[in-house]
Structure formats: C-alpha cells, structure tokens
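Below you'll find the structure, written out as structure tokens, and then a few comments.
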Amino acid sequence: QVQLVESGGGLVQPGGSLRLSCAASTSTFSIYDMGWSRQAPGNQREVVATISSSGRTNYVDSVKGRFTISRDNEKNTVYLEMNGLKPEDTAVYYCNAGKYGMEYWGKGTLVTIFS
C-alpha cells in the first residue's frame, strides 16, 4: 500500500505560478511511475503529466510549455511546477503512483485561478 499526500494548492491570479508536491509513503518510490491528474467541477478527470520510473515525461497538450513534472527519489516526492496559470487550470489536482498493475491515488489539492 502506498499513501500519497498532495500539497501546494491555493488561489492564484492568471499568469501566476504554483508548485504542487506529492509525498509518497514507500521506501520503493523510485520504481513507481508517477503522475498528476486534475478534475474540474462537472468534468472528467484528465491526466495532466506523467513521469516514469526512468524519468521520461509526458504532458497533455493544454499544459505543454507551462507545466513541468519532476521527481526526487531521495525525498519520495513528485512535483508539478505550474507557470502561466489560466482560469481553465482551476481544478482539484491528484497525484497517482502505478506499478505492477496497482494504482494509488492521493486525496487531491485544490488549485483556483481567479481574476
């Protein structure tokens, strides 16, 4: 069982930045593929960014060039650096970890972009 705890959400104006963190409670963090997803009210959850155990990254088109996913295996933490935030980025952001057909999710952190 892997527990994931997200932090770093908040209120920010358009064009602003936030850095989300997700701490994992496992000593084998480095083997997990990690990702960030988001869900806005009335919308389905969408995958925003992923980073494999080898460090390969992928992004949904809407955040390319603005968001950066990274991981620190020494700290068992994955990050999502978000720049140039837009109102449509408003959502609850969830961290997930996956390996061997198992998937774990955090409870999410709310990001609100307001004018």
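Mind checking which aspartates and glutamates have their C-alpha under 16 Å from residue 75, skipping anything on the same chain fewer than 8 residues away? Filter leaves 6, 33. Taking N as the residue count of the chain, its C-alpha radius of gyration divided by 2.2 N^0.38 Å amounts to 1.00.
Taking the Kirkwood radius as Rh and the Cα radius of gyration as Rg, region 57-115 has a ratio of Rg/Rh equal to 0.99. Solvent-accessible surface of the chain, averaged per residue with a 1.4 angstrom probe and all protein chains in place: 54 square angstrom. Residues 88, 46, 74, ordered by accessible area of protein heavy atoms at a 1.4 angstrom probe radius and largest first, appear as 74, 88, 46. Model label sites at residue 88 and residue 73, defined 7 Å from Cα along the beta-carbon direction, differ in position by 3.6 nm.
Taking every protein chain into account, the 1.4 Å probe leaves residue 31 with about 60 Å² of accessible area, to the nearest ten.
So what's the gap between the Cα centers of region 72-115 and region 16-54, to the nearest angstrom? Centre-to-centre distance over Cα atoms comes out at 4 Å.
The values are calculated or read from the model by the stated rules, or taken from the named source; none is laboratory data. Predicted model only: the values in this text are computed from it and were never measured. Heads up, the Cβs are rebuilt from the backbone with ideal geometry, glycines too, and the neighbour counts pull from every protein chain shown. SASA here: full protein model, heavy atoms, side chains in, ligands and nucleic acids out. Shrake-Rupley method; radii C 1.70, N 1.55, O 1.52, S 1.80 Å.
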